[in-house]
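Peer 1: I have a structure here, written as structure tokens, and I will follow up with some questions on it.
The values are calculated or read from the model by the stated rules, or taken from the named source; none is laboratory data. If you're wondering where the values come from, they're calculated on a predicted model, not measured in any experiment. So basically every Cβ, Gly included, is an ideal-geometry build from the backbone, and we count neighbours across all protein chains shown. With ligands, DNA and RNA removed, areas are computed over all heavy atoms of the protein, side chains included. Shrake-Rupley method; radii C 1.70, N 1.55, O 1.52, S 1.80 Å.
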Amino acid sequence: QVQLVESGGGLVQAGGSLRLSCAASGRTFSGHVMGWFRQAPGKEREFVAAISWSDGRTYYKDSAKGRFTISRDNAKNTVYLQMNSLKPEDTAVYYCAAKKGVGDIWYPYEYDYWGQGTQVTVSS
């Protein structure tokens with residue numbers, strides 16, 4: 001079993017920055033991919049970024065590239081999402097997710113574990 005707890009969400013003005021954290025617990029994370037998804041009202045849950053726990057390889061949604069950075073702290077079993085130049089359209093509930101094994105990392109159904117989400121609100 002893997003448990004994920006997100007934190008760091010809140011209210012920020014447009015152009016500002018926010019760093020989300022995802023604390024993971026459970027068995028070893030070797031072979032896992034950790035991802036960030038977001039879901040706004042009326043929209044489907046969408047992929048934002050992901051990182052391979054073992055080698056640190058990163059993946060980004062095109063719209064997030066250049067503004068968002070995903071990273072990990074192995075000692076703390078924590079994954080971060082640094083979000084810069086935030087826009088009102090970034091407003092959503094952000095979810096941390098963990099995927100076992102190999103395969104596509106772009107879709108929510110590929111992931112096995114989910115956190116409860118943390119709200120990010122970007123004001124105009």
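Peer 1: So in the range 1-15, with the set limited to residues that are open to solvent by less than 60 Å² (accessible area, probe 1.4 Å) and of a type in the set (A, V, I, L, M), which one is farthest from the chain's Cα centre (by Cα)?
Peer 2: 14
Peer 1: For the range 103-117, give me each residue that is touching a residue at least 60 places away in the same chain (Cβ under 8 Å), more than 12 Å from residue 6 (Cβ to Cβ) and open to solvent by 50 Å² or more (accessible area, probe 1.4 Å).
Peer 2: Scanning the range 103-117 gives 107, 112.
Peer 1: Further question: Which pairs turn up if I take residues in the range 53-70 that are over 23 Å from residue 31 (Cβ atoms) and at pLDDT 90 or above and look for partners that are open to solvent by 40 Å² or more (accessible area, probe 1.4 Å) and assigned to a loop (DSSP other than H, G, I, E, B) with beta carbon separation below 6 Å, at least 6 apart in sequence or on another chain?
Peer 2: 67/84; 67/85
Peer 1: Further, regarding this structure: Just for the range 40-52: of the residues that are open to solvent by 20 Å² or more (accessible area, probe 1.4 Å) and either in contact with a Gly (Cβ under 8 Å, 6 or more places away or on another chain) or basic (Lys, Arg) (or both), which one is farthest from residue 97 (Cα to Cα)?
Peer 2: In this case the residue turns out to be 43.
Peer 1: Across the range 16-30, which residue is surrounded by the fewest Cβ atoms within 10 Å (Cβ to Cβ) among those that are touching a strand residue (DSSP E or B) at 6+ places or on another chain (Cβ under 9 Å) and part of a loop (DSSP other than H, G, I, E, B)?
Peer 2: 27
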